[in-house]
Amino acid sequence: MRETVEAMPNYAPAIEHETMDPIGHHIQAFARTQADKAALTDEYGTLTWSEMISRANRIANRLRQDGLKTGDTVAGLAENSNNYMCLYLGTLIAGGCMVPLSGMASGEALALMVADCDSRFLFVSEKNLSLFREIRDQLERVRPGQRIGIDTRDVDSGQDLDAWLGDVSDQADPAEVTLDDPFNIIYSSGTTGTPKGILHDYRFRQRQFVRLARFGLDGDAINLVSTPLYSNTTLVSALPTLYNGGTLILMGKFNAHRFLELAEEHRVTHAMLVPVQYTRIMAEPDFDRFDLSSFKLKLCTSAPLRADVIDEAMKRWPGNIREVYGLTEGGISTTLDCAANPSKWDSVGVPTEGAEVRIIDDEGNEVPRGEIGEIVGRAISMMRGYYHREEQTREMLWTSPEGLTFYRSGDMGRLDEDGFLYILDRRKDMIISGGFNIYAVDLEKVLLEHPAVADVAVIGIPSEHWGETPLGLVVRKAGASDTEEEILAFANGKLGKTQRLSGVEFRDELPRSTIGKVLKRELRAPYWAEPKK
């Protein structure tokens, strides 16, 4: 795979005199300088820095015994745990490229991912055995002996992690890697065909480690990780914490009440959360009895955090909030310091250091400040490309008049006079009704003003007269008795003529991805399905 990566273009801006200190080398010193400090804690116990690095080194040495070469891929199908984090680090120490797979994907998609990333190793947790059994007959490249359990022996090798490691040495021997070598592949959440593998190199991650340390993700950080390791959302905060000698508290599955218990017990200082987690955590009836005074910073990404949620969190939850907007592919990077910018809470902030954001129209021309278009960007962290998908990589590129390469986001937005970015909708989710562009976020904000509305998504549905028309799908607050007609009348009384909703329908809940994004594609599907004949 190393040759494949070197052949791919590198779109990230150059940094003069850039140094390289790979994570596999860098963390070895912590086994000596802070041997007894907690490194990882999951529901089964704690590993000190000495214990974690010893285990990660043993995994690295065993992988190489089994034939792993620098740049080779290692796939993992597991929930957050000490063992899974050690596997991640061990793969990097060995010079491998980690491929964390989603336990929410279908068996068909998972089999395609394992084949697509060229992995010869697959590590599986007990909780994911049913998925493993679905795909075991399709794992042509992964020999039975290299199908290994993380916490189970019910796999083809008959080995869990301890049995597979045997008496292998924990001697530190990290592989020599370069900035251009592959670090990880993150798969997008596709539902048809093979999801795209987003290839990050060491340059991408190394620059991220430095940048996130400035947010306090350093040796003093105690970071509560409640989103899965197959999401870049998680890696953005978890990896810098370890790179800088901090501590991770790992949740195998998110639960709002348990999150609060762990935060208080471990005196947590940092957490990366998605918007739905904020609302669920603060909706816990006993939220205010927990001691959260240790928090210094909470991060938020994956979707814009509503201004009303920021307001409540800033009042009730100690520590600042920083909202982060970006793509797993990189290229686009903004951040909103909520404490410093209370008048900009509807935005996702300004470009980070070394990043640039522009807005373009349908013809690819840059538009003036304040006008709406597609968000494009470039930054110091940019993926090498979609693995094995050169054409799809080229499709997401936009070249500026100066000849610079930007990544297209697929998001519609605008920049205000102060350079703050506002996201309006996914381009594919934009509603075009009677020739007018309607942005769901504008309608959702109005619906959320109604006291009975707890959650909402606005989608476009077919209209014989207008082509498509907006429909509000609403989750009511507990105990609310307002009717669909009353909420519709409230919203349309505040919306412009071209924005008005054609209807409101109640839902018990909205479908969301594992990192909290509303799955509008699923919501639209029944309305756009071909009628049965």
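Would it be correct to say that Ala115 is surrounded by fewer than 21 Cβ atoms within 10 Å (Cβ to Cβ) and either in contact with a Lys or Arg (Cβ under 8 Å, 6 or more places away or on another chain) or not basic (Lys, Arg) (or both)?
Yes, satisfied.
Checking Asn437 against (1) of a type outside the set (Gly, Ala, Ser); (2) at pLDDT 95 or above; (3) assigned by TED's automatic domain parsing to the domain that holds Glu522: exactly one of these is not met. Which one?
Asn437 satisfies all of (1) of a type outside the set (Gly, Ala, Ser); (2) at pLDDT 95 or above; (3) assigned by TED's automatic domain parsing to the domain that holds Glu522 except (2).
For the range 416-476, list the strands (runs of 3 or more DSSP E) that sit wholly inside it and hold at least 2 residues that are among the hydrophobic types (A, V, I, L, M, F, W, C) and over 25 Å from the mean Cα position of the chain (by Cα); which are they?
Counting at least 2 such residues, we get 431-433, 436-438, 453-463, 467-476.
Looking only at the range 470-486, decide whether some residue is among the polar types (S, T, N, Q) and more than 18 Å from Ala303 (Cα to Cα).
yes
Go through (1) touching a strand residue (DSSP E or B) at 6+ places or on another chain (Cβ under 9 Å); (2) more than 30 Å from Glu261 (Cβ to Cβ); (3) not small (Gly, Ala, Ser) one by one and return the number of the condition Gln34 breaks.
(2)
Take the range 492-511 and flag every residue that is touching a helix residue (DSSP H, G or I) at 6+ places or on another chain (Cβ under 7 Å) and under 12 Å from Thr469 (Cβ atoms).
Gln499, Arg500, Leu501, Gly503
Which one of Arg378, Arg394, Arg369, Arg389 is crowded, with 17+ Cβ neighbours inside 10 Å and more than 18 Å from the chain's Cα centre (by Cα)?
It is Arg378.
Does Ala163 meet the test of being touching a helix residue (DSSP H, G or I) at 6+ places or on another chain (Cβ under 6 Å) and either of a type outside the set (D, E, K, R) or part of a loop (DSSP other than H, G, I, E, B) (or both)?
Here the answer is no, as Ala163 does not meet what is asked.
For (1) in contact with a strand residue (DSSP E or B) (Cβ under 6 Å, 6 or more places away or on another chain); (2) within 30 Å of Glu391 (Cβ to Cβ); (3) modelled with pLDDT under 95; (4) surrounded by fewer than 23 Cβ atoms within 10 Å (Cβ to Cβ), each residue gets a yes or a no:
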site	(1), (2), (3), (4)
Ser169	no, no, no, yes
Gly193	no, yes, yes, yes
Leu212	no, no, yes, no
Gly219	no, no, no, yes
Ser237	yes, no, no, no
Thr241	yes, no, no, no
Leu248	yes, no, no, no
Val268	yes, no, no, no
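Given the condition of a type outside the set (Asp, Glu), over 25 Å from Leu327 (Cβ atoms) and not assigned by TED's automatic domain parsing to the domain that holds Tyr278, answer yes or no: does some residue in the range 231-242 qualify?
Within the range 231-242, not a single residue is of a type outside the set (Asp, Glu), over 25 Å from Leu327 (Cβ atoms) and not assigned by TED's automatic domain parsing to the domain that holds Tyr278.
The values are calculated or read from the model by the stated rules, or taken from the named source; none is laboratory data. Please read all numbers here as calculations on a predicted model, not as lab measurements. Every residue, glycine among them, receives a Cβ derived from its backbone with ideal geometry; neighbour counts consider all protein chains shown.
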